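To keep things clear, I will list the structure first and then write my remarks on it.
The values are calculated or read from the model by the stated rules, or taken from the named source; none is laboratory data. Remember, it's a predicted structure, so these values are computed and weren't measured experimentally. Reconstructed Cβ throughout: ideal geometry from the backbone, glycine too, with neighbour counts over all protein chains shown.
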Amino acid sequence: MSVRGLLLAAVLALLLAPPTAASERHPTLAELEHEVMCPTCHQLLELSDAPIADRIRAFIQARIEAGDTKSEIKQRLVSEFGEAVLAAPPTRGFELLAWLLPILGLAGSGLVIALLAWRWTRLKPEAAKPHLVNGFSELDPKLARRLDEELALLDR
Amino acid sequence: MSAARTTAEARVARHPSSGKVRAALQTVGLSLVALLLVILAMRLVSDSSGRRLDKALAAGKSPAAPDFSLPRLNGDGRLRLSSLRGRTVVLNFWASWCVPCKQEAPLLQAATRRFGSASLVVVGVDAQDFRSDARRFIARYGLTYPVVHDNGASTATHYNVTGFPETWFIDRSGHLVGEHVKGPLTRRQLAENLAIALKR
Amino acid sequence: MAFFGQAVLLLVLGLLGYATVAGSYAAVRGRRRLLSSAVNAFVSAFACTVLAAGTLVLAFVRNDFALSYVANHSSRQLPLAYTLAALWSGQEGSLLLWLLVLTGVGAAALLLNRRLVIDVLPWTAPILGGIGAYFAFIPNAVASPFATQTAPPNGLGMNASLQNPYMMIHPPLLYLGYVGLTVPFAFAMAALASRRVDERWVVASRRWTLFSWTFLGVAILLGAKWAYESIGWGGYYAWDPVENAALMPWLAATAFLHSVMVQEKKKMLRVWNVVLIALTFSLTLFGTFLTRSGVINSIHSFSQSSIGGWFLAFIAVVAAGSAFLIISRLSILRTSTRLESLASREAAFLYNNLLLVAFALTMLWGAAFPLLSQALRGVSISIGPPYYNFFLRIFGLPLLLLMGIGPLLAWRRASLRSLARAVSWPLLFALLVGAMLVRAGAGSSLPGLVAYTFSAFAIAAVLVEFVRGTRARKELGDTTWAGAFTSLVSRNRRRYGGYVSHAAVVLLAIGVVGSSVYNSGRTAHLQPGQAMSVGGYSATYLGTKLTRSASHDALRGQFELSYRGKSMGIVEAGKNHYKVEQFFANAVGIHTDWLRAEDVMLIGDQFDKDGSVFLKIAVNPLIDLIWIAGLVFLIGSVVAMWPDAREKRQLARRALEIDGRRPVVA
């Protein structure tokens, strides 16, 4: 039940995340200020009041007025300042790895858990039962009692 | 399943593959951690390469100037630093938005005129800047010495540049000499360091 | 004075070295008295560190500029309060504070669990001693806070952005959290080394984890508030590597707090828990390494120094050591208590762990990836807020939902019917809230809408749990509702304290979403007498005034603020000029409407000579819920941490019941 909810939520979030077509064709300065870094101060353009940040803002505004799309503006900025001017790496080539690894990692470990759980839940109850009371059951009874007594002492 | 068997054995017996899976997971996890540490160690070493230049200079040594090849802003093609061997080089890192760079540019231009390009080359490295802005700056201050554009500021990083303007002096054999001047050059700093660089 | 400080620091190193070596020998040979002396050495190391830190503070108070550290971080003009806090305003002093907290928390843990660390987990003291010895070695050999120079007439002063009341409280709290996580790590490793891998180390370390986790969480929020009030960009968290360095271990510790419950109850996840605490501890070291070594570009510029290599080496030792211990003890760690169903409380904890750890590791990956790109391709790239915000949605939204579902699921196996019954009310409530939000226009941001619907679900789930529990208590004989409620909470403080923390997380989520998705702002150039308006607020520029003090000049623009025509009074925003430090800092004006938990922030971007101002106004809806969440979080933690004799007895009884034996304690 909750797995389904989880998947649903993840898919939903994935769908919501990418920018819509409208903002690609008609970007706003505020949008781009969130996606571009100030190259001298290592923070978002939005947060920066360095001189180059003001220049970049003016440049973006001019390109928007000239009718450039968002990716065209970003491409121009990259050609001037290098890839580090983008606040997040592009989703292609080597940089795709930055995005993919966490998602694949989560999906992979989710799969492993699901697989293990499926295997465990198919165990016969008889086989599983003695292990349910495991804990100290591999120890000999004398040692186990001593452990219990120590535990009890701790609880005082 | 025999009750006498320990649970771990029992599980391995039931699923012979799970031992291998576990070993694989362990290997992958540990090698990822190791990889991360190696990358960081490498970065720690390479990151200090710029700083190493400063340290060597301060210790009285003359380290080799890291080579670069960058597109020219005034003129065509690219400029390779090593192609200037045999001449003394003043390597000036700047940007058009930097206020002190505006005071410094005429000084550098005057030095170019005075010494002539056969013995001295000023190389302007424009970084973290729009090329159009830089060209406007070049035209406004009438700079005739070669200026290159450092896209991504990687050359600036190699020279441990932390702000603009900054200047290094390179002798005829391609070694850094004098001092690494952070901030705008004064007339005296320029003269003193040029004297050292030209003498070698 | 410098000599005395240095001598005491050397003594600390000696004592911790003794605790490590003698403790290890005692642990191997089973020498109880020697072990006891190792514990005592550790406690004395704490006393000596207090002395060393006290010496440095005294040097600050006496303006002893012959100490480089004092000269570089203080001046005669610095107010006394900041002089006292100057101890942690630079690297060397911060490391001394780290040592102080480490020895303090470690000594407390050793003394409060003395019987356990001597009889059951003898490796605790030497492991804590070893970690302590490393942190005593650094200030002794690499970055000494007691280095001397010829005294200049005045110091360089304190970094102006640190001259803020938050700076006096944020770093010590952060260190309490950060360094406190050493204790559960030491217990876990000691359990492995001592081959006592049952649940005792978990029980003993629970409160220490909770303690560190609480302080770390509160410190992160205080840091956010500091950034919000003093830096003046209208935000509070910028996903900067330094900020992430604190969040990563907090997330891992959150996962750990949840997964140890599974181990306590069901004896499952033993391997996972030791891996998780090793990861958490490594992340604290890692975060410090990243931020202090200068390897990563950050807006927080700490002074770079040579400690990077030492830290990296220590991380390698910790990683290799814990990996070796865990792998060599795998055979005794293994249990065969297993997950019975993917729809159970255990499974919910597992999903929660998966998401939290995935998020923490993603942040690590985000910090490391630019280095990888630089190393492999020579291309420098940035991984900034858009990247982390994307993953916050991917991992955070499911977590929010899970937080609602998890507590409603039964242990072992939840039947579909019981689940449906439990979920029905919260679900109904969430759908209702969602529909209302859509009508109110919150649909302008889909992630925002989803987050709010999930938040509504989670908060309703918490409420349902409280209502159901209280009703049950009332039926069991409590006469009043208030009485029933109190006895409910006091009977299971951990559970209901945890629910309060869940409520805090929901508040946090609502505040974060509200202020980041539904905010608005604008900048305008105003002459005196002119006004500008944003989102119903209007600010009229009245003029400026200048106040001078010994440490700084304060320029303030005065603005009359009104909301929908109703005056809200005068708000001041301007800049401070710190004279010794030659530094300008923003002083933003914030008007808080507590009823709507909304802030209007006025930032005087630039004051021109003609008396005009570039004023930025930002309206941050619901942002104050974030700070309220911090308070609720603290309350939840205190409830969960409160000593409870009954709970202890129950725990012992339950542990024995699971073992199928008669209870030893009545």
Mind listing whichever residues of the stretch C:24-47 are loosely packed, with under 14 Cβ neighbours inside 10 Å and not in a helix (DSSP H, G or I)? C:GLY30
Any chance A:LEU104 is more than 10 Å from chain B (Cβ to nearest Cβ), surrounded by fewer than 13 Cβ atoms within 10 Å (Cβ to Cβ) and under 17 Å from the mean Cα position of the chain (by Cα): yes
Counting only residues that are of a type in the set (D, E, K, R) and crowded, with 21+ Cβ neighbours inside 10 Å, how many does the stretch C:48-92 have? 1
Quick one: which residue in B:SER154, B:SER119, B:SER173, B:SER96 is touching a residue at least 40 places away in the same chain (Cβ under 8 Å) and surrounded by 17 or more Cβ atoms within 10 Å (Cβ to Cβ)? B:SER96
Matching entry among C:ALA125, C:ALA86, C:ALA66 (being under 24 Å from the mean Cα position of the chain (by Cα) and either small (Gly, Ala, Ser) or in the same structural domain as C:LEU285 (by TED's automatic domain parsing) (or both)): C:ALA86
Restricting to the stretch C:316-329, and then to whatever is within 20 Å of C:ILE138 (Cβ to Cβ) and at the interface with another protein chain (Cβ under 7 Å from one of its Cβ atoms), can you tell me which residue is nearest to the chain's Cα centre (by Cα)? C:ALA319
Qualifying residue in the stretch C:533-551 (condition: under 28 Å from C:MET158 (Cα atoms), of a type in the set (Gly, Ala, Ser), assigned to a loop (DSSP other than H, G, I, E, B) and without any contact (Cβ under 8 Å) to a residue 60 or more places away in the chain): yes
Which numbered condition in (1) within 29 Å of C:ARG596 (Cα to Cα); (2) in contact (Cβ under 8 Å) with a residue 12 or more places away in the chain is the only one that C:PRO528 fails? (1)
Out of all the residues in the stretch A:48-82, which are at the interface with another protein chain (Cβ under 9 Å from one of its Cβ atoms), free of Cβ contacts under 8 Å to residues at least 12 places away in the same chain and surrounded by fewer than 20 Cβ atoms within 10 Å (Cβ to Cβ)? A:ASP49, A:PRO51, A:ASP54, A:ARG55, A:VAL78, A:SER79
Kindly indicate the residue of the stretch C:423-468 that is within 16 Å of C:LEU402 (Cα to Cα) and in contact (Cβ under 8 Å) with a residue 60 or more places away in the chain and also surrounded by the most Cβ atoms within 10 Å (Cβ to Cβ) among those meeting that condition. C:ALA451
Output the number of residues of the stretch C:163-199 satisfying the condition of being under 20 Å from the mean Cα position of the chain (by Cα) and either farther than 27 Å from C:LEU80 by Cβ or not hydrophobic (A, V, I, L, M, F, W, C) (or both). 16
Taking A:ASP54 as meeting all but one of (1) within 29 Å of the chain's Cα centre (by Cα); (2) closer than 23 Å to B:ALA127 by Cβ; (3) in the same structural domain as A:THR28 (by TED's automatic domain parsing); (4) acidic (Asp, Glu), write down the number of the exception. (1)
Looking at (1) modelled with pLDDT of 90 or more; (2) closer than 30 Å to A:PRO39 by Cα; (3) more than 7 Å from chain A (Cβ to nearest Cβ), can you tell me which one C:PRO370 breaks? (1)
Would you mind telling me which numbered condition in (1) more than 9 Å from every other protein chain (Cβ to nearest Cβ); (2) over 18 Å from B:ARG131 (Cβ atoms) A:PHE94 fails? (1)
Quick one: is C:THR280 modelled with pLDDT of 90 or more, farther than 22 Å from C:ARG495 by Cα and touching a Pro at 6+ places or on another chain (Cβ under 8 Å)? yes
Which residue out of C:LEU339, C:LEU402, C:LEU354, C:LEU397 is within 23 Å of the chain's Cα centre (by Cα), within 30 Å of C:ARG195 (Cα to Cα) and within 7 Å of another protein chain (Cβ to nearest Cβ)? C:LEU354
State all residues of the stretch C:236-270 that are modelled with pLDDT of 90 or more, of a type in the set (A, V, I, L, M) and closer than 22 Å to C:ALA509 by Cα; if no residue qualifies, say none. C:ALA245, C:ALA246, C:LEU247, C:MET248, C:LEU251, C:ALA252, C:ALA253, C:ALA255, C:LEU257
Set C:ALA141, C:ALA151: member being in a helix (DSSP H, G or I) and among the hydrophobic types (A, V, I, L, M, F, W, C): C:ALA141
Hand me the list of strands (runs of 3 or more DSSP E) wholly inside the stretch C:573-650 holding 1 or more residues that are within 14 Å of another protein chain (Cβ to nearest Cβ) and touching a residue at least 24 places away in the same chain (Cβ under 8 Å). C:583-587, C:598-607, C:613-620
Which condition from (1) more than 20 Å from C:THR291 (Cα to Cα); (2) modelled with pLDDT of 70 or more is the one that B:ARG51 breaks? (1)
If you take the residues of the stretch C:295-304 that are closer than 17 Å to B:ALA41 by Cβ and more than 22 Å from the chain's Cα centre (by Cα), which of them is modelled with the highest pLDDT? C:VAL295
For the list (1) within 30 Å of C:VAL462 (Cβ to Cβ); (2) in a loop (DSSP other than H, G, I, E, B); (3) at pLDDT 85 or above, I need the number of the one condition that C:THR479 fails. (3)
Given the residues B:SER96, B:SER154, B:SER132, which is the only one that is within 14 Å of another protein chain (Cβ to nearest Cβ), out of contact with any Pro (no Cβ under 9 Å at 6 or more places or on another chain) and assigned to a loop (DSSP other than H, G, I, E, B)? B:SER96
Output yes when any residue across the stretch C:143-155 is in contact with a His (Cβ under 9 Å, 6 or more places away or on another chain), touching a residue at least 60 places away in the same chain (Cβ under 8 Å) and not assigned by TED's automatic domain parsing to the domain that holds C:ASP553, and no when none is. yes
Mind listing just one residue for me: the one in the stretch C:531-557 that is within 16 Å of C:ASP605 (Cβ to Cβ) and over 36 Å from the mean Cα position of the chain (by Cα) and, of those, surrounded by the fewest Cβ atoms within 10 Å (Cβ to Cβ)? C:THR544
Meets criteria (without any contact (Cβ under 8 Å) to a residue 60 or more places away in the chain and at the interface with chain A (Cβ under 10 Å from one of its Cβ atoms)) for C:ILE332: no
Looking at C:LEU392, C:LEU376, C:LEU427, C:LEU463, which one is facing chain A (nearest Cβ under 9 Å) and in a helix (DSSP H, G or I)? C:LEU376
